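One structure is given here, and the rest of the page talks about it.
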Amino acid sequence: DIISNEYRMSDGSPYQGSHFREQSSPHIGLMDPAIAGGETWYPNYFLSADLNMFDAIGWDYPPCAAPSINTQPQPFDGCVGDTIVLSISASGGSLTYQWRIGSTNLVNGGRISGATSATLTITGALESDSATNYNCVVSLNGCPAISTDTAVTISGDAEFLNQPFDANAPEGGTAAFNVLVTGWQDYTFQWRRNGVPLTNDGRISGATTQGLLIDPVQLSDAGTYDCLATSAAGCETLSNSATLTVVAQCTQAQITQQPANQTACSGDTVALSVSATGTSLGYQWRRGTTNLSNDGHFSGVTTPTLTISNAVPGDSGTDYNCVVTSGGSCPVTSNNATVTINAYPSITQQPGSSSVCEGGTIMLSVGATGGSLSYQWRRGTTNLNDGGRISGATTAALTITGALPSDAGSDYNCVITSAGLCGVTSNNGSVSVESPAVILGQPQDLTVDEGDNASFTVTVQNPGSYTYRWRKDGNDLSDGGSISGSGTSSLLITGVVQGDAGDYDCVISGTLCDVVSAAATLTVNAPEPCPEDLDGDGVVGLPDLSILLTNFGGPGTAAEGDITGDGQVDLADLSALLTAYGTTCP
């Protein structure tokens with residue numbers, strides 16, 4: 001036997017190379033092996049020595065079949081810190097992949113993953129990851145196909161040669177901020193105040209250049225300014241921030257109470273208030289920098305109190321403020337106040353009803369849509385609480401185990417609240433609890449002779465409220481033949497036979513509840529044989545009389561005519577036989 005996987009055809013023993021055939025297709029074309037049909041000890045490959053031997057005898061090994069690349073990797077442009085993703089698609093069978101830069105293999109680890117899969121991922125991109133010769137070697141059974149080179153370009157942060165400086169300006173004066181970026185022609189710019197992009201509006205110019213100018217300066221221009229430089233590749237770099245301090249040229253009003261945040265439900269009325277001290281105060285409520293107008297929905301926009309009637313979720317925002325002026329000038333702006341308007345939940349499934357047998361499980365459920373929903377089940381207006389037989393009192397599904405008649409009612413409802421504030425109440429759900437039948441009289445055991453009638457009865461409270469189903473040994477009975485009353489409270493069996501013996505009970509059913517009576521046992525006595533039937537043929541007749549007369553006047557057995565059992569065959573026995581003459585015996 002061959003016991004080594006290292007056996008080679010070129011060893012020359014015990015089998016010649018000309019008798020060897022490779023297992024995998026396409027076959028090299030030699031004769032079938034001498035080992036066994038299609039079997040070799042080779043794991044579907046040839047050793048170098050074998051290939052040399054094939055070459056020596058003039059046989060060529062089949063050519064390598066490379067896979068087909070369907071989709072070449074595409075160039076990637078990104079910024080420092082981005083995630084580089086390169087992908088390739090190929091077909092041809094069971095493929096292997098190796099991503100490279102030029103001819104250098106990439107290895108999984110650190111920021112690199114997928115180096116030997118169809119998708120290469122490099123996290124936390126660096127400028128040093130830029131290269132024009134990323135490629136992937138796709139191999140099929142060792143036969144490679146190399147993708148075209150693709151470029152990865154990673155742009156770095158902008159280089160600020162000049163940063164903006166803090167500035168002071170009088171109200172009505174001029175303020176300017178500047179930056180200088182290396183290679184500024186390749187960047188776009190956006191100046192911001194307190195993180196909000198600025199736009200050119202007459203007073204403000206250069207909002208999208210390296211130089212920002214504000215003329216004339218207003219008190220509201222005070223704040224923190226910075227410039228966002230964006231490269232052609234979309235890479236953003238933020239300058240240092242600079243603070244503009246505006247010196248007022250008049251006496252401003254003093255805000256003594258800022259507007260407070262408000263949370264309400266759709267349809268509610270919301271009020272925001274501000275308090276200030278000063279001379280001839282004026283008010284203008286805004287959202288951001290946009291003045292609000294009295295339109296029925298908004299009222300009091302030029303008073304200390306802004307009112308929002310019939311609020312809707314679209315009124316939600318963090319930018320409500322009030323500009324307060326003193327003597328018609330010197331405006332001062334309140335802090336921003338947040339208004340949150342929550343929508344009421346929408347009930348998609350009402351509780352419905354639950355009907356159970358006493359002792360069963362009551363289940364009621366609701367369905368609703370909305371944000372951050374909470375639930376509270378009630379009976380009428382009284383909250384139900386988890387504990388004992390109740391669970392799920394604060395979930396969408398209420399469960400009450402061990403149902404009692406007192407659980408019945410049509411006043412179950414659920415209050416569903418969104419965001420802990422906006423609540424709606426479901427329709428009332430109903431619960432029906434049916435009590436099982438109360439058995440007053442159980443069926444009793446009964447012993448009868450074969451051929452007699454047998455009757456079983458069960459007595460219940462309110463008998464007209466239930467249906468009945470009699471069973472024998474657990475099997476339902478039906479009227480027919482000797483059986484009647486199988487669907488009533490009394491079962492009758494006429495002409496009882498031995499097969500009627502067994503245990504009888506009755507299933508008493510209401511709408512929901514079944515109760516099973518106690519089982520009553522029917523015992524059927526077999527009939528005694530006829531002593532007059534001397535020959536045992538089942539009929540008292542002439543053959544029996546002949547037997548008796550043959551033995552008449554002497555001692556005898558029961559089979560010889562001693563019907564009375566006194567040991568003698570005499571007139572008493574003859575009289576008994578004649579009395580029973582012509583009858584059929586069991």
Pick out the one residue from 425, 401, 457, 395 that is open to solvent by 40 Å² or more (accessible area, probe 1.4 Å) and in contact with a Pro (Cβ under 8 Å, 6 or more places away or on another chain).
457
Say we look at region 198-243 and pick out the residues that are of a type in the set (Val, Ile, Thr) and not in a strand (DSSP E or B); which of these is least open to solvent (accessible area, probe 1.4 Å)?
217
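Would you check if there is a residue in region 318-334 being closer than 25 Å to residue 418 by Cβ and in contact with a helix residue (DSSP H, G or I) (Cβ under 9 Å, 6 or more places away or on another chain)?
Narrowing region 318-334 to residues closer than 25 Å to residue 418 by Cβ: 318-320.
Checking which are in contact with a helix residue (DSSP H, G or I) (Cβ under 9 Å, 6 or more places away or on another chain) leaves us with none.
Checked against the condition, which is being closer than 25 Å to residue 418 by Cβ and in contact with a helix residue (DSSP H, G or I) (Cβ under 9 Å, 6 or more places away or on another chain), region 318-334 yields no hits at all.
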Filtered residue count, region 176-197, keeping only those that are under 21 Å from residue 162 (Cβ atoms), open to solvent by 70 Å² or more (accessible area, probe 1.4 Å) and of a type in the set (S, T, N, Q):
3
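Collect the residues in region 145-175 that are among the hydrophobic types (A, V, I, L, M, F, W, C) and open to solvent by 50 Å² or more (accessible area, probe 1.4 Å), keeping them in residue-number order.
146, 161, 165
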For residue 192, all conditions in the list (1) assigned to a loop (DSSP other than H, G, I, E, B); (2) under 23 Å from residue 228 (Cβ atoms) hold save one; what is the number of the exception?
(1)
Need at least 2 residues that are closer than 26 Å to residue 233 by Cβ and modelled with pLDDT of 95 or more per element, so show me which strands (runs of 3 or more DSSP E) inside region 52-115 make the cut, counting only ones lying wholly within it.
84-87, 95-101
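Does residue 299 satisfy being free of Cβ contacts under 8 Å to residues at least 12 places away in the same chain, open to solvent by less than 60 Å² (accessible area, probe 1.4 Å) and among the polar types (S, T, N, Q)? I'd like the intermediate steps shown before the answer.
Details: free of Cβ contacts under 8 Å to residues at least 12 places away in the same chain: yes; open to solvent by less than 60 Å² (accessible area, probe 1.4 Å): yes; among the polar types (S, T, N, Q): yes.
Criteria met by residue 299.
Tell me which residues, restricted to region 314-337, are under 21 Å from residue 293 (Cβ atoms) and assigned to a strand (DSSP E or B).
The first filter runs over region 314-337 and keeps only residues under 21 Å from residue 293 (Cβ atoms), leaving 314-325, 328, 331, 333-334, 336-337.
Hits for region 314-337 are 317, 318, 319, 320, 321, 322, 323, 324, 325, 331, 333, 337.
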Can you name the residue in region 269-280 that is at pLDDT 95 or above and out of contact with any Pro (no Cβ under 8 Å at 6 or more places or on another chain) and is also nearest to residue 325 (Cα to Cα) among such residues?
271
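Evaluate the following for residue 443: is it surrounded by 14 or more Cβ atoms within 10 Å (Cβ to Cβ) and touching a Phe, Trp or Tyr at 6+ places or on another chain (Cβ under 6 Å)?
Taking the combined requirement at face value, the residue satisfies it.
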Unmet criterion (only one of (1) closer than 14 Å to residue 335 by Cβ; (2) open to solvent by less than 60 Å² (accessible area, probe 1.4 Å); (3) assigned to a strand (DSSP E or B)) for residue 307:
(1)
Would you mind stating whether residue 265 is closer than 30 Å to residue 344 by Cα, within 54 Å of the chain's Cα centre (by Cα) and modelled with pLDDT under 95?
yes
Those residues of region 239-262 which are of a type in the set (A, V, I, L, M, F, W, C) and at pLDDT 95 or above amount to 242, 244, 255, 260
Residue 269 vs. criteria open to solvent by 20 Å² or more (accessible area, probe 1.4 Å) and without any contact (Cβ under 8 Å) to a residue 12 or more places away in the chain
no
Looking only at region 244-270, count how many residues are more than 30 Å from residue 416 (Cβ to Cβ) and outside any strand (DSSP E or B).
8
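The values are calculated or read from the model by the stated rules, or taken from the named source; none is laboratory data. All figures in this text were calculated on a predicted structure; none of them were measured in a lab. As a convention, Cβ positions derive from the backbone with ideal geometry for all residues, glycine included, and neighbour counts pool all protein chains shown. Heavy atoms of the whole protein, side chains included, go into the accessibility calculation; ligands, DNA and RNA do not. Shrake-Rupley method; radii C 1.70, N 1.55, O 1.52, S 1.80 Å.
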